[in-house]
4 protein chains.
Amino acid sequence: MNDEMLLLAGKTYESRLLVGTGKYRDLEETRLAIEASGAEIVTVAVRRTNIGQTPGEPNLLDVISPDKYTILPNTAGCYTADDAVRTCRLARELLDGHSLVKLEVLGDEKTLYPNVVETLKAAEVLVKDGFQVMVYTSDDPIIAKQLEEMGCVAVMPLGSLIGSGLGIINPYNLRIIMEQATVPIIVDAGVGTASDAAIAMELGCAGVLMNTAIAKAKNPVLMASAMKKAVEAGREAWLAGRMPRKLYASASSPLDGLFFK
Amino acid sequence: MNDEMLLLAGKTYESRLLVGTGKYRDLEETRLAIEASGAEIVTVAVRRTNIGQTPGEPNLLDVISPDKYTILPNTAGCYTADDAVRTCRLARELLDGHSLVKLEVLGDEKTLYPNVVETLKAAEVLVKDGFQVMVYTSDDPIIAKQLEEMGCVAVMPLGSLIGSGLGIINPYNLRIIMEQATVPIIVDAGVGTASDAAIAMELGCAGVLMNTAIAKAKNPVLMASAMKKAVEAGREAWLAGRMPRKLYASASSPLDGLFFK
Amino acid sequence: MNDEMLLLAGKTYESRLLVGTGKYRDLEETRLAIEASGAEIVTVAVRRTNIGQTPGEPNLLDVISPDKYTILPNTAGCYTADDAVRTCRLARELLDGHSLVKLEVLGDEKTLYPNVVETLKAAEVLVKDGFQVMVYTSDDPIIAKQLEEMGCVAVMPLGSLIGSGLGIINPYNLRIIMEQATVPIIVDAGVGTASDAAIAMELGCAGVLMNTAIAKAKNPVLMASAMKKAVEAGREAWLAGRMPRKLYASASSPLDGLFFK
Amino acid sequence: MNDEMLLLAGKTYESRLLVGTGKYRDLEETRLAIEASGAEIVTVAVRRTNIGQTPGEPNLLDVISPDKYTILPNTAGCYTADDAVRTCRLARELLDGHSLVKLEVLGDEKTLYPNVVETLKAAEVLVKDGFQVMVYTSDDPIIAKQLEEMGCVAVMPLGSLIGSGLGIINPYNLRIIMEQATVPIIVDAGVGTASDAAIAMELGCAGVLMNTAIAKAKNPVLMASAMKKAVEAGREAWLAGRMPRKLYASASSPLDGLFFK
């Protein structure tokens, strides 16, 4: 079924799970976890990971081969539009003209909440400069729409803060973002365990990106496998169309907006 | 890994998803959905389903073969201990001495909430009579413990009411039930969509039983596949050990009992 | 407005907040907190509190006068029907024929979850013996109905476990209990902070009973005042009829049972 | 206790409930509800309400007297910074130099979500122009901090969307906003019923602003009274310091970040 492929920046993918490469014990664990996740798109923090900047040191791309994976350089660690733009340009050089990037501009080091104003600025510059921009942002539907209208190829709202593991806190905003979107919406950040990933997909999003939930599980490789299945489960559940929620089976109508929860 | 097999009444199963056979459009849809679910244990309402009582009519066992599946006769539609005991004995006759049954005694037709007093009575009689009793009950940890001590081979607390689709409402009670249990705890009833099944498994239960969530999805066969993956995802996530939940990544300690939610 | 008075065992009360007397630092703190709570019904654990059993020791009734408060002796610490019945009879003696009691029979010392089977037994004996029985129980709607039909004057389901502070975990069961009830339903146990009390009242219950949430707040007297207001707020909100919940204001219909949360 | 007074733009208030004036049946209902709410600060949509712009028509200020209430003109209905600035200036003229305003710049008419970029622009202009700006915004902690640093006298993040009645969806963001703030944080929008207001106050915010929850209750005057009590209850509960949440009373430690909910 066509519907089962993710179309992103002109390319199709079978997997709707995107993964990061940070916080693993070593490159071998990184490799095994990413393999278990089934991910086809792997994001790399250009400022923290050697993808060729430091010749002679271990290079992530030796383990996560660009022949096998779509490498998605990201701007983690950037707190201004300028820094983020510069980082994307560096990535393009290192990756021989590769134009697909994940933009993130954060507000501070404590919370890692997105700085949406700087994000808008950077996105504008990058799109004009020919990048295909997948953009990390808050769950603000107005900002999400502006980023899409600016030409970003995917909008990636948070489920909750990076590294918090709090799951999908505001499904309402995500639902509004998806109702309005014409590009893929990928929930990025906040997933803590498998059910969180399923919930994201059941909301109708196009994919989920995560890093800490896998890398900081006690057993990252097994959690990667769990996430693969959870994303598929959530996607299929959304496509299958769930039963309505009722106070009890014989109730004549589903729960409505007057019930307090 | 041994841990990945469900041990139930002396037999091992690879699948931790148990399914019902009610509410499908026809026997063909039943068959396809059960196949997609990967379930190895299939429960059948003896009072509502022809498994041989009415010769000449379509027999469920022609579609769901006892050679392939463990058939689990259940007492759905029974509101007293006597009725339930009688129904189990009928099932044993119809199934040539088969002693594994799912006991459920409900409180009323409106809510389908378990009647735990009658359930205790019936369980006692059935265990003495040589049945291997898997028992549906509320999420009351005291009753769950009594049913186990009485000799039931599995205790099956509800996530929420049968046919409600409200998911796992009281994870706290389920956690207490599991902490105390020495037999498999299988969440039975309440699951509405894939993430609910994952949540049940992430609590550490041994399996999940469902019917309406699959049969009353718009596309039951696809939902069955979603549930298969969700149960596996939740199990693996539980085994893998999730990351802690924090207000933000740099917080020095996880969220605790003073935060209101 | 008549509706604003709680009618209980033939007597009316202005306050819908009932309070316990355990876990305070001393009798003076008990007195001040109860005064601040505005409660008119005060429950006393006969097994743990001196209400005359031990002459010469400080007597709670010197501080919480039966002239001012309706004293509600309770059977906290009883784990069998027999113990509970015996305790109620002792209370009746100590309180000169006082017949209003709060029955609680717990399942174990670890969780303090109600033992509903023993509770049913004790209630039956006590009602026949002329007691006016307010009965603590789980949120099991079938048991709640049986206790009412047995002649209990009020049914008191838990919000969550005694001393847990987890609030109202299963509003669905409470709603079903209230839909079916003809006697006052009073949520007893689980309230942790003011909003929990408001939520209980917004479900339509007749009152709330609490102890730990007040006694174990850092400032019990101020928390008692908070609870008084929260119970009144929740009651008024329920009477006033809340606005419906919508995804956004201009949505044409309230949220329904297909939204996952 | 000083702590019990709200200090806002150099003036103290006893009430921490701020109310709007829209959506009532008539001015008389507006007056009665506001009186019952105990509010001392009343916000008025300059673009929708006659406060002198249209001589000869009913004037809200005849009913809600500036002698009795602090009138807080707001920019509801503005979708650009320019519009909002113009509206504030008009209000200042109509109200004889009154400089306290509530700024809101929304993103679209469908969701009424704030446009934070335009809000930042308008706030900058207004602060420079000598206004005392209370500013409505999303729950984005980075934007909230910028608005404070810009010189706004109060920051007013949403609980959920205007008119949605969904309550406090993201307590985590609100907690972060409050941890960082040196001006009063007032939760504005989203409250649907009394417990929502209590929850907002239990998070430690300085006040709550609402309109629809009162005006669109079946009985607005009674709901106004409920909200008055709920805000006081939540404030007192926060000051009193709640008990910790535990799986059961005898558990040795509170619930932590590994429990999934």
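From the set of residues in the stretch C:172-200 that are within 12 Å of chain D (Cβ to nearest Cβ) and closer than 25 Å to C:Lys121 by Cα, which is nearest to the chain's Cα centre (by Cα)? Let's see the steps before the verdict.
At the first step, the residues of the stretch C:172-200 found to be within 12 Å of chain D (Cβ to nearest Cβ) are C:189-200.
Going one step further and asking which of them are closer than 25 Å to C:Lys121 by Cα, we end up with C:189-190.
On the way: C:Ala189: 7, C:Gly190: 10 Å.
Here the answer is C:Ala189.
Just to be sure I understand the filter: pairs with C-beta atoms under 9 Å, separated by 6 or more residues or on different chains, first member in the stretch B:127-154 and in contact (Cβ under 8 Å) with a residue 12 or more places away in the chain and basic (Lys, Arg), second member open to solvent by 10 Å² or more (accessible area, probe 1.4 Å) and part of a helix (DSSP H, G or I). Which pairs pass?
B:Lys145/B:Gln180
Report, by residue number, each residue of the stretch C:114-142 that is in a helix (DSSP H, G or I) and either in contact with a His (Cβ under 8 Å, 6 or more places away or on another chain) or among the β-branched types (Val, Ile, Thr) (or both). So that I can check it myself, show each step before the final result.
Keep residues of the stretch C:114-142 that are in a helix (DSSP H, G or I), which gives C:116-128, C:141-142.
Listed by number, the residues that qualify are C:Val116, C:Val117, C:Thr119, C:Val125, C:Val127, C:Ile142.
Could you give me the residue pairs with C-beta distances under 8 Å whose first residue belongs to the stretch C:238-251 and is on the phi > 0 side of the Ramachandran plot, whose second residue is assigned to a loop (DSSP other than H, G, I, E, B) and buried (at least 22 other Cβ atoms within 10 Å of the Cβ) wherever it lies, and which are 6+ apart or on separate chains?
C:Gly241/D:Ala217
Here is a yes/no grid of residues against (1) among the acidic types (Asp, Glu); (2) within 26 Å of D:Arg235 (Cβ to Cβ); (3) in contact with a Leu (Cβ under 8 Å, 6 or more places away or on another chain):
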| residue | (1), (2), (3) |
| --- | --- |
| C:Met150 | no, no, yes |
| C:Leu158 | no, no, no |
| C:Gly165 | no, yes, no |
| C:Ile169 | no, yes, no |
| C:Tyr172 | no, no, yes |
| C:Ser195 | no, yes, no |
| C:Thr212 | no, yes, no |
| C:Leu222 | no, yes, yes |
| C:Ala230 | no, yes, no |
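Taking the residues in the stretch A:126-142 that are hydrophobic (A, V, I, L, M, F, W, C) and touching an Asp or Glu at 6+ places or on another chain (Cβ under 9 Å) as candidates, determine which candidate is most open to solvent (accessible area, probe 1.4 Å). Explain how you work it out, then say what you get.
Looking only at the stretch A:126-142, we keep the residues that are hydrophobic (A, V, I, L, M, F, W, C), and these are A:126-127, A:131, A:133-135, A:142.
Going one step further and asking which of them are touching an Asp or Glu at 6+ places or on another chain (Cβ under 9 Å), we end up with A:134-135, A:142.
Numbers: A:Met134: 0, A:Val135: 0, A:Ile142: 16 Å².
In this case the residue turns out to be A:Ile142.
So for the stretch C:153-171 (the condition being within 14 Å of another protein chain (Cβ to nearest Cβ), over 18 Å from the mean Cα position of the chain (by Cα) and at pLDDT 95 or above), does at least one residue qualify? Write out each step before concluding.
Just the residues of the stretch C:153-171 that are within 14 Å of another protein chain (Cβ to nearest Cβ), to begin with: C:157-171.
Retained after the next criterion (residues that are over 18 Å from the mean Cα position of the chain (by Cα)): none.
Checking the stretch C:153-171: not a single residue is within 14 Å of another protein chain (Cβ to nearest Cβ), over 18 Å from the mean Cα position of the chain (by Cα) and at pLDDT 95 or above.
Which ones in the stretch D:43-73 are among the β-branched types (Val, Ile, Thr) and either under 16 Å from D:Leu90 (Cα atoms) or surrounded by 21 or more Cβ atoms within 10 Å (Cβ to Cβ) (or both)? Quick ask: steps written out before the conclusion?
At the first step, the residues of the stretch D:43-73 found to be among the β-branched types (Val, Ile, Thr) are D:43-44, D:46, D:49, D:51, D:54, D:63-64, D:70-71.
Once the filter is applied, which keeps residues that are among the β-branched types (Val, Ile, Thr) and either under 16 Å from D:Leu90 (Cα atoms) or surrounded by 21 or more Cβ atoms within 10 Å (Cβ to Cβ) (or both), the stretch D:43-73 yields D:Thr43, D:Val44, D:Val46, D:Thr49, D:Ile51, D:Thr54, D:Ile64, D:Ile71.
Write out, first by first residue and then by second, each pair whose Cβ atoms fall under 7 Å of each other, whose residues are 6+ apart or on separate chains, and whose first residue, in the stretch D:201-224, is at the interface with chain C (Cβ under 10 Å from one of its Cβ atoms) while the second is polar (S, T, N, Q).
Note: pairs meeting the criteria are D:Glu202/C:Thr193; D:Glu202/C:Ser195; D:Ala213/D:Thr193; D:Ile214/D:Ser37; D:Ala224/D:Ser37.
Going residue by residue through the stretch B:105-119, is there one that turns out to be open to solvent by 50 Å² or more (accessible area, probe 1.4 Å) and not charged (D, E, K, R)? Walk me through it before giving the result.
Pass one, the stretch B:105-119, residues open to solvent by 50 Å² or more (accessible area, probe 1.4 Å): B:109-110.
After this cut, where a residue has to be not charged (D, E, K, R) as well, the list is none.
No, every residue in the stretch B:105-119 fails to be open to solvent by 50 Å² or more (accessible area, probe 1.4 Å) and not charged (D, E, K, R).
For the stretch A:85-100, does any single residue satisfy the condition of being surrounded by 23 or more Cβ atoms within 10 Å (Cβ to Cβ), acidic (Asp, Glu) and out of contact with any Asp or Glu (no Cβ under 6 Å at 6 or more places or on another chain)?
Scanning the stretch A:85-100, I find no residue that is surrounded by 23 or more Cβ atoms within 10 Å (Cβ to Cβ), acidic (Asp, Glu) and out of contact with any Asp or Glu (no Cβ under 6 Å at 6 or more places or on another chain), so the answer is no.
Looking at C:Ala144, C:Ala123 in this structure, which one is more than 21 Å from D:Leu255 (Cβ to Cβ), out of contact with any Leu (no Cβ under 9 Å at 6 or more places or on another chain) and more than 14 Å from chain D (Cβ to nearest Cβ)?
Numbers: C:Ala123 fails: out of contact with any Leu (no Cβ under 9 Å at 6 or more places or on another chain).
After ruling out the rest, the residue left standing is C:Ala144.
All but one of (1) touching a residue at least 40 places away in the same chain (Cβ under 8 Å); (2) open to solvent by less than 30 Å² (accessible area, probe 1.4 Å) hold for C:Leu32, so report the exception by its number.
Only one criterion in (1) touching a residue at least 40 places away in the same chain (Cβ under 8 Å); (2) open to solvent by less than 30 Å² (accessible area, probe 1.4 Å) is unmet by C:Leu32, namely (2).
Which residue pairs have Cβ atoms under 8 Å apart, sit 6 or more places apart or on different chains, and have a first residue in the stretch D:40-57 that is farther than 24 Å from D:Arg16 by Cα and a second that is charged (D, E, K, R) and assigned to a loop (DSSP other than H, G, I, E, B)?
From residues that are farther than 24 Å from D:Arg16 by Cα, the pairs are D:Asn50/D:Glu57.
The values are calculated or read from the model by the stated rules, or taken from the named source; none is laboratory data. As the structure is a prediction and not an experimental result, all values here were calculated from the model. Here the Cβ is made from the backbone with ideal geometry for all residues, glycine too, and neighbour counts use every protein chain on show. Ligands, DNA and RNA are stripped out before the accessible areas are found, and what is left, the full protein with its side chains, is counted by its heavy atoms. Shrake-Rupley method; radii C 1.70, N 1.55, O 1.52, S 1.80 Å.
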